[in-house]
Structures are given as C-alpha cells and as structure tokens.
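Read the structure below first, then the notes.
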Amino acid sequence: MSTLTGKQVADAGLDGWTFLLGALHTRIRTPDFAAGLALVAAVGAEAERVDHHPDLDLRYTHVDVRLWSHDAGGVTGRDLRLARTISVLATDAGLTVSYAGLSRLELALDSPEHAAVLPFWRAVLAAERPDGPGAADDEVRDPAGALPTVWFQSSGRDEPRQRWHPDVWVDPAEVRPRMEAALAAGGTLVSDAEAPHFWVLADPDGNRVCLCTWQGRD
C-alpha cells in the first residue's frame with residue numbers, strides 16, 4: 001500500500017485536517033467531557049467496523065485525532081476515507097473538525113557524531129529506534145507515543161553551539177501568525193533560506209526553534 005505525500009494529502013481537500021509528521025491530525029472541540037466521550041465511542045465503533053484504528057486523545061474541551069497506517073509507515077487512502085467518516089460523525093454530533101492551534105513537537109540534538117550519543121538517549125528515555133517502511137536511523141521514539149520524537153542532526157564541534165532545539169510542526173496556514181507573534185514577543189527570524197520546509201527563529205537569548213511544514217517534502 002503506497003503512502004501519500006503532504007501535497008497529495010492537501011490536494012485531497014480534507015477540510016479541518018492537516019498533515020503533520022507523516023500523519024493526519026484534527027482537533028474536535030467539545031462542549032463537555034460527555035460529548036467528547038460520545039464522539040470517541042462513535043469513532044471507535046467505526047474504527048472496529050473498518051479494522052483501522054486512529055490514535056485518540058480525549059480531553060475535557062476537545063478530542064485530538066491522529067490517523068496513519070502503521071503497516072505502511074505513513075498516510076494511505078484508507079486514512080483519507082476514515083478521516084472523512086470522522087468528519088461526518090463530528091458534524092452529526094454538532095461538532096467541528098479543525099487544525100487551528102494544532103502542532104506536533106520534535107526535539108533535535110545537534111551532534112558531531114549521533115551514533116555515539118543515540119544509544120544513551122534511547123536508554124534514558126526508554127525509547128526505541130523506529131522500524132518498518134521508511135524508518136530513519138537517526139531518531140528514537142517513545143513506544144507509547146506520549147513523548148516527542150528525538151532526532152539527531154549533524155553539527156560541527158566549534159563552541160559555543162546550541163545542542164538542543166525544538167522543531168514545531170504546523171499546518172502551512174499556521175506559520176505566518178505564529179511567526180508574527182514570536183517576532184512581536186521579541187524574537188528574531190534567523191533564516192528563511194529553507195522555507196517553506198522550515199523557518200529558523202530565535203528568542204531574545206538566541207535559543208533557536210524551527211517552524212516546520214510538509215511543504216516541499218516527499
């Protein structure tokens with residue numbers, strides 16, 4: 001089963017869904033916990049019927065949904081179909097799917113030789129190296145999916161250097177307002193040379209963060 005690129009997902013026209021870190025995401029806001037629980041039950045019943053199961057995060061004010069095909073290592077046509085069904089279930093319940101405010105966090109460790117430090121971080125985080133289609137050898141993941149993925153970026157040895165930086169993945173429509181808010185809060189734009197892949201920002205102390213999107217990636 002072939003996986004879809006970010007552009008293919010965007011072209012599918014899934015209103016209220018976004019493609020972040022290889023998966024479909026949406027946030028369904030609810031008036032109370034009972035409404036969220038009822039929605040989770042409806043989604044769960046449909047997931048059992050089609051034998052394809054999303055990750056669901058139930059909170060008092062919203063339900064976050066993450067969809068991807070584990071066996072294929074990315075988003076496939078069945079994820080698009082289930083996303084559309086979930087949107088219908090939400091609408092029938094008087095709720096709305098939206099990616100507004102959604103983001104996914106990765107942590108990047110800049111290291112001259114990641115193979116030397118990766119085993120330490122895998123051990124201390126009780127993490128695992130990903131396997132399966134398209135698995136990367138420069139990152140470790142929490143088996144439960146609760147902690148951010150940590151990946152290792154090659155860097156020089158010259159000091160001083162920032163060793164850690166966060167990567168914040170957002171929908172392309174979210175980049176501009178977040179960047180403007182960050183600049184208004186005293187930050188600076190370090191580089192947009194790799195845009196629309198990512199933009200590098202820094203806080204007033206010089207600590208850097210990347211705003212990342214699916215654009216221009218396969």
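The values are calculated or read from the model by the stated rules, or taken from the named source; none is laboratory data. Remember, it's a predicted structure, so these values are computed and weren't measured experimentally. Neighbour counts are summed over all protein chains in view; Cβ atoms, including those assigned to glycine, are modelled from backbone coordinates with ideal geometry. Protein only, heavy atoms only, side chains kept; ligands, DNA and RNA dropped before computing areas. Shrake-Rupley method; radii C 1.70, N 1.55, O 1.52, S 1.80 Å.
If a residue has to be of a type outside the set (Asp, Glu) and closer than 22 Å to residue 62 by Cα to count, how many in the range 5-21 make the cut?
Going through the range 5-21 one residue at a time, the tally reaches 7.
Looking only at strands (runs of 3 or more DSSP E) that lie completely in the range 1-60, which have at least 1 residues being more than 16 Å from residue 82 (Cα to Cα) and in contact with a His (Cβ under 8 Å, 6 or more places away or on another chain)?
So the answer is 23-29.
Checking the conditions here, which among 50, 63, 88, 40 is farther than 21 Å from residue 143 by Cβ, of a type in the set (Val, Ile, Thr) and buried (at least 20 other Cβ atoms within 10 Å of the Cβ)?
It is 63.
Inspect all residues belonging to the range 106-125 and state whether any of them is charged (D, E, K, R), open to solvent by 50 Å² or more (accessible area, probe 1.4 Å) and in contact with a helix residue (DSSP H, G or I) (Cβ under 8 Å, 6 or more places away or on another chain).
No, the range 106-125 contains no residue that is charged (D, E, K, R), open to solvent by 50 Å² or more (accessible area, probe 1.4 Å) and in contact with a helix residue (DSSP H, G or I) (Cβ under 8 Å, 6 or more places away or on another chain).
Out of the range 71-114, which residues are among the polar types (S, T, N, Q) and either in contact (Cβ under 8 Å) with a residue 60 or more places away in the chain or assigned to a helix (DSSP H, G or I) (or both)?
Correct list: 76, 85, 87, 91, 96, 98, 103.
Just to verify a result, which residue in the range 146-204, among those that are hydroxyl-bearing (Ser, Thr, Tyr) and either touching a Lys or Arg at 6+ places or on another chain (Cβ under 8 Å) or modelled with pLDDT of 95 or more (or both), is most open to solvent (accessible area, probe 1.4 Å)?
Among residues in the range 146-204 that are hydroxyl-bearing (Ser, Thr, Tyr) and either touching a Lys or Arg at 6+ places or on another chain (Cβ under 8 Å) or modelled with pLDDT of 95 or more (or both), the one most open to solvent (accessible area, probe 1.4 Å) is 188.
Need the failing condition index for residue 130 against (1) under 25 Å from residue 140 (Cα atoms); (2) in a loop (DSSP other than H, G, I, E, B); (3) open to solvent by less than 30 Å² (accessible area, probe 1.4 Å); (4) touching a residue at least 24 places away in the same chain (Cβ under 8 Å), just the number.
(4)
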